[in-house]
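Chemist: This is the structure I have questions about; it appears just below.
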Amino acid sequence: MFFIDTSKNGKPVYDAIVNQSLDNYLVNDLRLPGHGLILYINNPSVIVGVHQNAYAEVNFPYLKEHKLQLVRRTSGGGAVYHDYGNLIFENIVIGDDGHFGDYAYFAQPIIDALHDMGATGVEMHGRNDIVVDGKKFSGMTMFKVGDSYAAGGTLMFDLDMDTASKVLTPEQDKLESKGVKSVNKRITNIKPNLDEPFRSMNANQFKEELLKRIYHVDKISDIETYTLNDHDWNVIESRLKDKYDTEEWNYGKNPGFTHYVSKHYDIGTVAFNFSLQDNRISDIRIYGDFITGGDISLIEKALVKTEFNKESLIQALSKVDLAANLGKIKPEILASLLLS
């Protein structure tokens, strides 16, 4: 595994819109053979998953009052708050999809490094979380293109929990399904769990110590590294203007359909926003923090013009490969959610 240095002209990049677009460039364009890793820090921002309805996940008055960026990533998962006390790691794997979907495989080097730094209570939990003493400090996600993919997540070191709790408005059903009443009880920073001197470090210092342990080296300079060059940055910046730095991509459009239903399942939260005409679905959008390498628009297209009863909905959903395009969930369950 090699390291991909995402600094520009020798200086770290903190712009969340830029950083959240890097994985797409690395997987689709640069395609360095093998297994690379990027590790970076974002400015204060809210990051929403590619399939999420930002209007249902974010406290927009608070976001704008505190001048926080809203950024949509290219992978699934839920909405998270980032700031200078948070690290983001992403594995970029080109030409081998053998470990796609295996979150534990990519979490283990992080877990081992943190154990070495004194946080011995760190472990994998659920499908894609890393916790310490039962509290989450890292959530992971993936996206896939052919036989290549990106797999990574957050690493809360010294995150501002007060801001995170005020700007994020997660679905109440999601919280209740996990047996908690507020987001604050679910998450924690890893910093207090580390030994000295790591506990007294800032996020950038911690980042260097983490990298040395992941790569088992004494000096950062000993890590095999590819540094993004001028050509790389020219392509990245052109993509920002075309897509990733646009309101249409980051905010998305609130379709404003008349019905909205949402429920949390093992695959994540699934939400339907839809309208009915003559007891048939006339328009529909699917949202959620589920993680899929498929195409949810195939499910939306299958449901349009479907009569709004259980039998017809199940029949329409059965014509689509739900496992490949959404997750392992039965048509009957989704039909019940729509009718709820």
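The values are calculated or read from the model by the stated rules, or taken from the named source; none is laboratory data. Since the structure is predicted, the reported quantities are computational estimates derived from the model, not experimental observations. So basically every Cβ, Gly included, is an ideal-geometry build from the backbone, and we count neighbours across all protein chains shown.
Chemist: Only strands (runs of 3 or more DSSP E) wholly contained in region 1-81 count here; list those with 2 or more residues that are more than 17 Å from the chain's Cα centre (by Cα).
Modeler: 2-5, 34-40
Chemist: Name the one entry in 333, 299, 314 that is among the β-branched types (Val, Ile, Thr) and touching a Phe, Trp or Tyr at 6+ places or on another chain (Cβ under 9 Å).
Modeler: 333
Chemist: Quick one: in region 273-294, of everything that is touching a Leu at 6+ places or on another chain (Cβ under 8 Å) and not β-branched (Val, Ile, Thr), which residue is surrounded by the fewest Cβ atoms within 10 Å (Cβ to Cβ)?
Modeler: Checking each candidate, the answer is 282.
Chemist: If you scan region 115-143, which residues turn out to be in a loop (DSSP other than H, G, I, E, B), of a type in the set (A, V, I, L, M) and either touching a strand residue (DSSP E or B) at 6+ places or on another chain (Cβ under 8 Å) or not assigned by TED's automatic domain parsing to the domain that holds residue 164 (or both)?
Modeler: 119
Chemist: What residue, among those in region 23-56 that are among the charged types (D, E, K, R) and surrounded by fewer than 21 Cβ atoms within 10 Å (Cβ to Cβ), is farthest from residue 126 (Cα to Cα)?
Modeler: Applying the filter and picking the extreme gives 29.
Chemist: Please enumerate the residues belonging to region 144-165 that are in a strand (DSSP E or B) and either β-branched (Val, Ile, Thr) or within 22 Å of residue 204 (Cα to Cα) (or both). Show your work before the answer.
Modeler: First, the residues of region 144-165 that are in a strand (DSSP E or B): 144-145, 148-156.
Passing the criteria: 145, 151, 152, 153, 154, 155, 156.
Chemist: Please verify whether region 231-248 includes one or more residues that are over 30 Å from residue 307 (Cα atoms), assigned by TED's automatic domain parsing to the domain that holds residue 47 and over 24 Å from the mean Cα position of the chain (by Cα).
Modeler: Yes, region 231-248 has at least one match.
Chemist: Residues that are without any contact (Cβ under 8 Å) to a residue 40 or more places away in the chain and of a type in the set (Asp, Glu): list the helices (runs of 4 or more DSSP H) wholly contained in region 242-340 that include at least 1 such residues. Before you say what the answer is, go through the steps one by one.
Modeler: Details: elements: 247-250, 297-303, 310-318, 322-325, 331-339.
Once the helices (runs of 4 or more DSSP H) in region 242-340 are filtered for at least 1 residues that are without any contact (Cβ under 8 Å) to a residue 40 or more places away in the chain and of a type in the set (Asp, Glu), what remains is 247-250, 297-303, 310-318, 331-339.
Chemist: Within region 295-307, can one find any residue that is crowded, with 21+ Cβ neighbours inside 10 Å, at positive phi and either not β-branched (Val, Ile, Thr) or not assigned by TED's automatic domain parsing to the domain that holds residue 128 (or both)?
Modeler: no
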